[in-house]
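One structure is given here, and the rest of the page talks about it.
The values are calculated or read from the model by the stated rules, or taken from the named source; none is laboratory data. Since the structure is predicted, the reported quantities are computational estimates derived from the model, not experimental observations. Please note: Cβ atoms are built from the backbone with ideal geometry, for glycine as well, and neighbour counts cover all protein chains shown. For accessibility, only protein heavy atoms count, side chains too; no ligands or nucleic acids. Shrake-Rupley method; radii C 1.70, N 1.55, O 1.52, S 1.80 Å.
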Amino acid sequence: MTVNRVEGGIFTVMVIGIGDPHDPSLATSLGEQVKRSPDFFADAPVVLDLKDCLGCTAAEDFMELGAGLRQHRLIPVGIQNASALQQRAALAAGLAPFPASGGGARRGAARTEAKANAPPPRTRLITRPV
């Protein structure tokens, strides 16, 4: 009898920052990087960091971007730092949302502004064993 089970695991994935997904230099620079270490990049899972990306607002954008990555034997599996619109488009294209680097997902301008105006955390000096 076959037993099916679900287990957790931790995996390392490559993260690629996407500025303009339609910029031809993206494919060129990616190709140069892969050429330097082809075995390292071969069939590697990739998360697309959309922190600085103004595009990628339709599933077709992710399909096109994914096709370009697969030409270099990179396999897109998810996105991070996505706006709500980007996240919906990525999900429609079969990409999973990953937590943002540095904590939580991007939440919007109001929350960013609140953080910017918050006082810095206080430093404490502990002089006895903890």
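Restricting to the range 2-22, count the residues that are free of Cβ contacts under 8 Å to residues at least 12 places away in the same chain, open to solvent by less than 70 Å² (accessible area, probe 1.4 Å) and under 17 Å from the mean Cα position of the chain (by Cα). Matching residues across the range 2-22 total 0.
On inspection, T28 qualifies as at pLDDT 90 or above and hydroxyl-bearing (S, T, Y). The set of residues in the range 65-76 that are out of contact with any helix residue (DSSP H, G or I) (no Cβ under 8 Å at 6 or more places or on another chain) and either surrounded by 15 or more Cβ atoms within 10 Å (Cβ to Cβ) or over 22 Å from L91 (Cα atoms) (or both) comprises L65, G66. When C53 is tested against the conditions (1) open to solvent by 40 Å² or more (accessible area, probe 1.4 Å); (2) within 23 Å of P99 (Cβ to Cβ), the lone failure is (1). Might you let me know whether the range 23-40 holds any residue that is without any contact (Cβ under 8 Å) to a residue 60 or more places away in the chain, in contact with a Phe, Trp or Tyr (Cβ under 6 Å, 6 or more places away or on another chain), surrounded by 10 or more Cβ atoms within 10 Å (Cβ to Cβ) and not aromatic (F, W, Y)? Yes, the range 23-40 contains a residue that is without any contact (Cβ under 8 Å) to a residue 60 or more places away in the chain, in contact with a Phe, Trp or Tyr (Cβ under 6 Å, 6 or more places away or on another chain), surrounded by 10 or more Cβ atoms within 10 Å (Cβ to Cβ) and not aromatic (F, W, Y). Scanning the range 55-89 for residues that are under 17 Å from D20 (Cβ atoms) and of a type in the set (A, V, I, L, M, F, W, C) gives C56, A58, F62, M63, L65, A67, L69, I79, A82, L85, A89.
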